[in-house]
Amino acid sequence: MARQHSSPEDRSVRLLKVGERVRHVLSELLTRQQVHDDTLSGTTVSVTEVRMSPDLRQANVYVKPLLGADEAKVLKALQVNTAFFQREVAKRLGLKNAAKLQFRADETFDEATRIDRLLDDPRVKRDISDED
């Protein structure tokens, strides 16, 4: 499921700041292997983006395992450990309410690869060079 794109005007600065702080906390937890899960300890996971709801009660967390390896297993492990992540985020950020985290696969890299392949197609290159 692809993310819905929204313009910067649609999102407040506060939402962006809190989302970025949540992303940093989650990245730190995963990098320092503070999660007691064999799947997460054995895989490098990038937290690419966190999108907060306007009331800061929900957060969509977009993740990508290194090289896309075992994406389904990593997502499952993250979902199993959601309570730990929510507790740590609330504690480290001093938020009044812990945001409910929903982990999702980040498909933007796959989409970028698909677009690159399309642009490398000889027919597309021919059309682009005809315009010049």
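For the range 24-72 and the range 90-115, write down the distance between their C-alpha centroids in whole Å. Cα centroid of the range 24-72 versus Cα centroid of the range 90-115: 7 Å apart.
Set against the 2.2 N^0.38 Å expectation for a compact globular protein, the range 52-131 has a Cα radius of gyration ratio of 1.65. Annotation: average projected area of the range 8-106 is 5.9 square nanometres, based on the convex hull of Cα atoms across all directions. Axis angle, to the nearest 10 degrees, between helix 82-93 and the longest C-alpha principal axis of the chain: 80 degrees. Listed peptides 107-113, 17-23 appear in the order 17-23, 107-113 once ranked by packing, highest mean of other Cβ atoms within 10 Å at the front.
Proximity of backbone amide H atoms, modeled 1.01 Å from N, is registered between residue 49 and 62 at under 5 Å, excluding neighbours fewer than 5 places apart on the same chain. Short-range pairs are left out: with C-alpha atoms under 8 Å and at least six residues apart, the relative contact order of the chain is 22 percent. How tilted is helix 71-80 with respect to the longest principal axis of the chain? Cα atoms for both, answer in degrees (0 to 90, nearest 10). With rounding to tens, the tilt is 20 degrees. How much mean residue ellipticity at 222 nm does the chain get from its helices, if each DSSP H run of length 4 or more adds -39500 (n - 2.57) and you divide by all residues, to the nearest 500 deg cm²/dmol? For the chain, the value works out to -15500 deg cm²/dmol.
The magnitude of the dipole of the chain, with charges of +1 and -1 set on the Cβ of Lys/Arg and Asp/Glu and taken from the Cα centre, is near 1000 debye.
Readers should treat all values here as calculations from the given coordinates under stated rules, not as data from a laboratory. All values derive from a computational prediction rather than experimental measurement. FYI the Cβ positions are ideal-geometry reconstructions off the backbone, even for glycines, and counts take in every protein chain you see.
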